[in-house]
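Novice: Sharing a structure here in structure tokens format.
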């Protein structure tokens, strides 16, 4: 996988990047992250480790164009399906900035969403969102919540994920967002999918159904997109003016009908 980003920094800025694959994903080879000025001068980068194996990289820059390049080859490890502890379950049920699940409780009950008995309730919610929403690159904003997406009836992957997460939490299913590299995604970009608890294990769902889940490579994990943004300006002002993402698989491309259970390392 690879990504290239370009920023225009006004005066100065400190930026946090969330583009490197998570430590939990598997063994990496050829991994390289470079941050440089438009003139080619390398900038110092600091790595910070977050929950669930996520890796943030921060740097500070003066005014001008900043170029970011990341690439890696990942040998995905088998997902172990470790039991979900009580703390993770509690956090997975809390409403968050983009997923106001408390507001959707009555709606989910009226629409009878997630009423299936057993461990497939999360998949039922994702299927409902898949049927309800239209994938539309032009119909979303960076401040849109799950409520905005529900009313609009359309959005991009993060909107599909936010609505799925909010509805799952509304009916008592712990849920969280995962940012990932997604071979097969079109148009290619960073991808957002959902993990829900089923049989005390985090199971991955993709309500967009735009990429096979078995080849997803985890970047970040959090309550919603506010925890997993691929770039965050911590201070100063910086405008993202270009980004390009690539992801490929070696060998046969996997098939996914999005009905079976898939775990994500």
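A short reminder: the numbers here are calculations on the coordinates, not readings from a lab. Predicted model only: the values in this text are computed from it and were never measured. Counting neighbours? That spans all protein chains shown, and the Cβs are built from the backbone with ideal geometry, glycine included.
Novice: In square nanometres, what is one fourth of the surface area of the convex hull spanned by the alpha carbons of the chain? Don't jump to the answer; show the numbers that get you there.
Specialist: Values: hull surface 55.1 nm².
About 13.8 nm², averaged over all directions.
Novice: Express the relative contact order of the chain as a whole percentage, based on alpha carbon pairs under 8 Å and six or more residues apart in sequence.
Specialist: Numbers: 624 pairs, mean separation 72.6, N = 265.
Normalised by residue count, the contact order of the chain is 27 percent.
Novice: Only counting other Cβ atoms within 10 Å, I'd like 134, 5, 167, 33 sorted with the fewest neighbours first.
Specialist: On the way: 134 9, 5 21, 167 30, 33 18.
With the fewest neighbours first, 134, 5, 167, 33 line up as 134, 33, 5, 167.
Novice: Would you work out the relative contact order for the range 86-227, in percent, from Cα pairs under 8 angstrom that are 6 or more residues apart?
Specialist: On the way: 277 pairs, mean separation 38.6, N = 142.
Here the relative contact order equals 27 percent.
Novice: Another question, then. Distance in nm between label sites at residue 89 and residue 4, each 7 Å beyond Cα in the beta-carbon direction?
Specialist: 4.8 nm
Novice: For the pair residue 231/residue 71, report the inter-label distance in nm, with labels modelled 7 Å from Cα in the Cβ direction.
Specialist: Between residue 231 and residue 71, the simple spin-label model gives 1.9 nm.
Novice: By count of other Cβ within 10 Å, fewest leading, how are 168, 157 ordered?
Specialist: On the way: 168 32, 157 26.
The order, fewest Cβ neighbours first, is 157, 168.
Novice: So, one more: Roughly how many whole Å is it from the C-alpha centroid of the range 180-202 to that of the range 217-245?
Specialist: 16 Å
Novice: OK, next. Using 0.36 nm times the number of residues separating residue 24 and residue 240, minus their current alpha carbon distance, what extension gain do you get?
Specialist: Details: separation 216, 0.36 × 216 = 77.76 nm, distance 2.82 nm.
Extra length from residue 24 to residue 240 when fully extended: 74.9 nm.
Novice: If you don't mind, there's one more thing I want to ask. Where both partners of a DSSP beta bridge lie in the chain, what percent of those bridges are antiparallel, to the nearest 5? Each step should come with its number before you reach the end.
Specialist: Numbers: 60 of 62 bridges.
Counting DSSP beta bridges with both partners in the chain, the antiparallel share is about 95 percent.
Novice: Can you tell me the orientation of helix 157-170 relative to the chain, as the angle in degrees between its alpha-carbon axis and the longest Cα principal axis, to the nearest 10?
Specialist: Roughly 40 degrees between the two axes.
Novice: At 222 nm, what value in deg cm²/dmol follows for the chain if DSSP H runs of at least 4 each add -39500 (n - 2.57) and the sum is divided by all its residues, to the nearest 500? It would help to have the intermediate numbers written out before the result.
Specialist: Numbers: 5 runs with 47 residues, N = 265.
After summing the helix terms and dividing by residue count, I get -5000 deg cm²/dmol.
Novice: Can I ask one more? So the label point goes 7 Å from the Cα of residue 199 along Cα→C-beta, right? Which residues of the range 121-136 then have their backbone N under 15 Å from it?
Specialist: Within reach of a label on residue 199: 121-123.
Novice: Which residue, 110, 28, 145, tops the fluctuation ranking in a GNM of the chain built on C-alpha contacts under 10 Å?
Specialist: Taking springs between Cα atoms under 10 Å, the residue moving most is 110.
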